[in-house]
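Before any comments, here is the structure.
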Amino acid sequence: PSLARDLYLECLREDPHYAPAWARLGRVYRVLGKFGDADADENLSRAEAAFVRALEINPDLSVAHNLYSYLEIDSGRAENAVIRLVGRAQRRTTDPEIFAGLVHACRYCGLLDASLAADEQARRFDRSIITSVTNTYFHLGDYQRALASVHGTG
């Protein structure tokens with residue numbers, strides 16, 4: 001993750017208004033904050049700032065909305081993520097990134113059927129999109145479908 005962080009920082013030195021780089025940098029800082037050895041709080045704070053910056057530059061950047069939802073959920077704000085993503089989905093009804101974020105966010109709010117529906121919508125618009133639906137199947141006790149989704153057969 002440190003190499004990715006450094007590459008995104010270099011990209012932003014070249015173009016500080018490139019919103020996708022801010023969103024990806026936010027993801028890197030979140031991963032460093034969650035799984036890194038040191039400076040967890042600082043990295044999580046940097047992640048929040050990077051996502052906010054990405055959305056300031058481009059409020060419609062779907063990948064930023066998707067990736068930001070993971071930080072919100074980690075921070076105990078799953079309901080905020082669901083509300084924001086549902087609002088986006090109502091305006092961008094064919095956006096797989098928004099629905100991919102909803103798979104994760106809905107599960108953390110106990111909305112397992114909605115999580116499955118979000119995965120179905122995401123895949124309807126992008127068959128190759130990666131979601132966290134495996135975890136939803138696991139929470140439902142549907143271990144066969146969980147295994148199938150891991151192996152790409154579900």
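The values are calculated or read from the model by the stated rules, or taken from the named source; none is laboratory data. Only a predicted model underlies this, so the values are computations on that prediction, with no experimental measurement involved. Cβ: placed from backbone, ideal geometry, glycine included. Neighbour counts: every protein chain shown. Side chains are part of the model used for accessible areas, which takes the heavy atoms of the whole protein and leaves out ligands, DNA and RNA. Shrake-Rupley method; radii C 1.70, N 1.55, O 1.52, S 1.80 Å.
Miscellaneous remarks
- Of every Cα-Cα pair in the chain, the percent that sits beyond 29 Å: 19 percent
- Alpha-carbon centroid distance for the pair the stretch 1-60 / the stretch 105-152, whole angstrom: 26 Å
- Karplus-based coupling profile of the stretch 59-68, in residue order and whole Hz: x, 9, 6, 4, 4, 5, 5, 4, 5, 5, with θ = phi - 60° in 6.51 cos²θ - 1.76 cosθ + 1.60 and x standing for Gly or Pro.
- Seen against the Cα atoms of the chain and their longest principal axis, helix 112-125 is set at about 70 degrees.
- Glu79 sits among other residues whose Cβ lies under 13 Å from its own Cβ, and their net charge, with Lys and Arg +1 and Asp and Glu -1, is +2.
- Summing charges over neighbours of Ser2, with a neighbour being any other residue whose Cβ is under 12 Å away from its Cβ, gives -2 when K and R count +1 and D and E count -1.
- Accessible area per residue, Å², the stretch 64-140 with all protein chains present, probe 1.4 Å: 49 Å²
- 0 to 90° range, to nearest 10: angle between helix 78-91 axis and the chain longest Cα axis: 80 degrees
- Computed accessible area, Ser128, all protein chains, 1.4 angstrom probe, square angstrom: 90 Å²
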